[in-house]
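A.B. asks: One structure, pasted below without further comment.
The values are calculated or read from the model by the stated rules, or taken from the named source; none is laboratory data. Values in this document were obtained by computation on a predicted structure and should not be read as measured data. Ideal geometry is used to build each Cβ from the backbone, glycine not excepted, and the neighbour counts take in all protein chains shown. The accessibility values were calculated without ligands, DNA or RNA, using every heavy atom of the protein model including side chains. Shrake-Rupley method; radii C 1.70, N 1.55, O 1.52, S 1.80 Å.
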Amino acid sequence: DEYGGSFENRIKFPTMIVDRVRKAVGPDYMLDMRISGDEMVDGGMEVEEVIEFLKLAQEYLDMVNISAGLIVDWRAQFFTMPPYYQPHCLNRELSRKVKECKEITIPVSVVGCITNINEAEDIIASGAADACYIARALLADTEILKKSYRGEPETVRPCLRCHSCAAGGGNHMSCAINPQLGRGYRYWEIVPAAKSKKVVIIGGGPAGMMATQTAVKRGHDVVLFERDEELGGRLKEASVLFCKEPYHKRYLAWDKRATLESGADIRLGVEATPELVMAENPDEVIVAIGGEHICPPIPGANGDNVITVTEADLGLAPIGKRVVIVGGGFSALECGIQLAYEGHEVTAIDAQPEDKLWREVMNELRSGLIELRDRYGVQLVDEAMVKEIREGSVVYTRGGEDFEIPADTVVMACGLRPSKELVQQFVEMMPQVTVVGDARKTGNIFSANMSAFDAAVEL
């Protein structure tokens, strides 16, 4: 029809939109338009066409903002709100091409994985844009501009690009690492407690670190026990994966530093016991010991060729060329992508049908991870049950038929569960014990931080 086919036809409708909007708001109202510099799908707009459109549309606009991707196509969704596996500042070259067009005279701004002020300044200084848009990083730390202005960029809480802020489906704004966000006036500031208490926190993973930082801010006397020689918990394994490394490593470093510098008494390499905890004469105890790996009763699961997903992610055990992952959940998917990226032949086996997997993450994040899985050749056998693990193979059942595939290494990725017996011995010490994070209910970094913050902020 008159709105399709040729370039002239296809620009009619968007031109009508900006024309009508300009007439509605008047000449003195700032009007900015966001447009994909490249829709990243076959047949979609590319930057050359976008430039030609903007030459005509700029008479109605005060500025143009360059993004990428196409929200209505799953293959390109993860460019519209880039997750952690996308590169930093990924749209700067698209905005540069628009900016360098002499016939476009309005200011050009850019968005997309601009995570801190230094990146924004570099984009502007290089001539790639006149302005930069930062969204999620401002949610992770609402003080990012003030801290950067004061010359304290190391104190900025780094955004994970995890999409938790957009996962509410239209509900209030939230953030996996900033539990104060979107919760109204009650938590806008952490108010000092009326009475300082002695608080013992067990475990130095994400939940334990959040509880420590929050309790100290309330004015409590905090002791943190961590059995490892460093803080971090399961953040450490997430931070080494190539697709997560830039963001999670920065956040892990920030979280550890913020905890160590909080003023709490941090005792590393000390495994807490009820006797050790009670010797501190605490008023409150927070248990944040995390969860334990689930190991189904599969014959051969204790073999020398079987390792946990944690051991695989951290490189704590040798891994052969052919790898079978038992489990197809989120951690299995990321582990499989990492191993395939390193050159291993990877097959994941899960009892669920594929369309039921990874539903705990947003479509933009899920579609991008599926693209990475396919790019690196991770094979998925869904609706199947592992029957036996042998020295050099795995036997599974699918559709009532048994199959055997070769496996030099088997990775168990069947999820986590709370360590009930270990938790119970701390719960029985005294009435004022609160369990948080995976020790209470297995989840993700959002649930770990939120439960820990809620416990500590109410002490």
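A.B. asks: Out of (1) in a helix (DSSP H, G or I); (2) among the small types (G, A, S); (3) surrounded by fewer than 20 Cβ atoms within 10 Å (Cβ to Cβ); (4) in contact (Cβ under 8 Å) with a residue 24 or more places away in the chain, the odd one out for G303 is which?
C.D. replies: (1)
A.B. asks: Still on this model: Only one of D32, D42 is surrounded by 14 or more Cβ atoms within 10 Å (Cβ to Cβ) and either closer than 30 Å to S367 by Cα or in contact with a strand residue (DSSP E or B) (Cβ under 7 Å, 6 or more places away or on another chain) (or both); which?
C.D. replies: That would be D32, the only listed residue that is surrounded by 14 or more Cβ atoms within 10 Å (Cβ to Cβ) and either closer than 30 Å to S367 by Cα or in contact with a strand residue (DSSP E or B) (Cβ under 7 Å, 6 or more places away or on another chain) (or both).
A.B. asks: Considering the stretch 155-173 alone, what residues qualify as being buried (at least 21 other Cβ atoms within 10 Å of the Cβ) and in a helix (DSSP H, G or I)?
C.D. replies: Within the stretch 155-173, S164, C165 meet the criteria.
A.B. asks: Give the number of residues within the stretch 18-29 that are more than 26 Å from I134 (Cβ to Cβ) and surrounded by 13 or more Cβ atoms within 10 Å (Cβ to Cβ).
C.D. replies: Within the stretch 18-29, residues that are more than 26 Å from I134 (Cβ to Cβ) and surrounded by 13 or more Cβ atoms within 10 Å (Cβ to Cβ) number 2.
A.B. asks: A further question on this structure: Cβ contacts < 6 Å: first residue aromatic (F, W, Y), restricted to the stretch 27-55; second residue in a loop (DSSP other than H, G, I, E, B), any location; separation 6+ or different chain. Result?
C.D. replies: Taking only residues 6 or more apart or on different chains, the pairs are F53/I11.
A.B. asks: Sticking with this one: Out of the stretch 441-459, which residues are closer than 22 Å to L235 by Cα and either in a strand (DSSP E or B) or free of Cβ contacts under 8 Å to residues at least 40 places away in the same chain (or both)?
C.D. replies: Listed by number, the residues that qualify are K441, G443, S447.
A.B. asks: Could you tell me which of the residues R440, R417, R390 is within 28 Å of the chain's Cα centre (by Cα) and surrounded by fewer than 16 Cβ atoms within 10 Å (Cβ to Cβ)?
C.D. replies: R417
A.B. asks: Considering every residue within the stretch 233-240, establish whether at least one is open to solvent by less than 60 Å² (accessible area, probe 1.4 Å), among the acidic types (D, E) and at pLDDT 95 or above.
C.D. replies: No; the residues of the stretch 233-240 include none that is open to solvent by less than 60 Å² (accessible area, probe 1.4 Å), among the acidic types (D, E) and at pLDDT 95 or above.
A.B. asks: Filtering the stretch 86-105 down to residues that are open to solvent by less than 70 Å² (accessible area, probe 1.4 Å) and polar (S, T, N, Q), which residue is farthest from A57 (Cα to Cα)?
C.D. replies: For the stretch 86-105, the residue satisfying everything is Q86.
A.B. asks: Being under 19 Å from R22 (Cβ atoms) and either touching a Phe, Trp or Tyr at 6+ places or on another chain (Cβ under 6 Å) or of a type in the set (A, V, I, L, M, F, W, C) (or both) is the filter; apply it to the stretch 51-64 and report the residue that is surrounded by the fewest Cβ atoms within 10 Å (Cβ to Cβ).
C.D. replies: Applying the filter and picking the extreme gives L56.
A.B. asks: Applying the selection to the stretch 109-154, what residues are among the charged types (D, E, K, R), open to solvent by 60 Å² or more (accessible area, probe 1.4 Å) and not in a helix (DSSP H, G or I)?
C.D. replies: If the condition is that a residue be among the charged types (D, E, K, R), open to solvent by 60 Å² or more (accessible area, probe 1.4 Å) and not in a helix (DSSP H, G or I), then D130, E143, R150, E152 are the ones that fit.
A.B. asks: Also, quick follow-up: Name the pairs whose Cβ atoms lie under 8 Å apart, with the first residue in the stretch 228-246 and closer than 18 Å to R157 by Cα, the second among the basic types (K, R) and crowded, with 19+ Cβ neighbours inside 10 Å, and 6 or more positions between them or separate chains?
C.D. replies: Listed pairs, sorted by first residue: A238/K244.
A.B. asks: Would you mind finding the one in V394, V346, V324 that is assigned to a strand (DSSP E or B), more than 30 Å from H163 (Cβ to Cβ) and of a type outside the set (D, E, K, R)?
C.D. replies: V394
A.B. asks: Next question. Restricting the stretch 437-449 to residues that are touching a strand residue (DSSP E or B) at 6+ places or on another chain (Cβ under 6 Å) and not small (G, A, S), which is modelled with the highest pLDDT?
C.D. replies: So, considering only residues that are touching a strand residue (DSSP E or B) at 6+ places or on another chain (Cβ under 6 Å) and not small (G, A, S), the one modelled with the highest pLDDT is D438.
A.B. asks: Do we have G204 as open to solvent by less than 10 Å² (accessible area, probe 1.4 Å), within 30 Å of A332 (Cβ to Cβ) and not aromatic (F, W, Y) here?
C.D. replies: yes
A.B. asks: State the number of residues belonging to the stretch 278-289 that are within 19 Å of A207 (Cβ to Cβ) and open to solvent by 20 Å² or more (accessible area, probe 1.4 Å).
C.D. replies: Of the residues in that region, 2 qualify.
A.B. asks: Please go through the stretch 393-414 and give me each residue that is among the hydroxyl-bearing types (S, T, Y) and under 30 Å from the mean Cα position of the chain (by Cα), ordered by number.
C.D. replies: Across the stretch 393-414, the qualifying residue is only T409.
A.B. asks: I've got another one for you. Within the group T409, T434, T397, which residue is closer than 30 Å to A193 by Cα, among the β-branched types (V, I, T) and at pLDDT 95 or above?
C.D. replies: T434
A.B. asks: Which is among the hydrophobic types (A, V, I, L, M, F, W, C), modelled with pLDDT of 95 or more and more than 24 Å from Y376 (Cα to Cα), of V64, V72?
C.D. replies: V64
A.B. asks: Yes or no: V411 farther than 30 Å from L459 by Cα, in contact with a helix residue (DSSP H, G or I) (Cβ under 6 Å, 6 or more places away or on another chain) and in a strand (DSSP E or B)?
C.D. replies: Criteria met by V411.
A.B. asks: With respect to the numbered conditions (1) free of Cβ contacts under 8 Å to residues at least 24 places away in the same chain; (2) out of contact with any Pro (no Cβ under 7 Å at 6 or more places or on another chain); (3) open to solvent by 20 Å² or more (accessible area, probe 1.4 Å); (4) not in a loop (DSSP other than H, G, I, E, B), which one is the sole condition not fulfilled by K195?
C.D. replies: (4)
A.B. asks: I need a count of the residues in the stretch 66-85 that are open to solvent by less than 20 Å² (accessible area, probe 1.4 Å) and either out of contact with any Ser or Thr (no Cβ under 9 Å at 6 or more places or on another chain) or part of a loop (DSSP other than H, G, I, E, B) (or both).
C.D. replies: Total satisfying the criteria: 6.
A.B. asks: Next question. Based on what the data block shows, is D408 open to solvent by less than 70 Å² (accessible area, probe 1.4 Å) and in contact with a Lys or Arg (Cβ under 6 Å, 6 or more places away or on another chain)?
C.D. replies: yes
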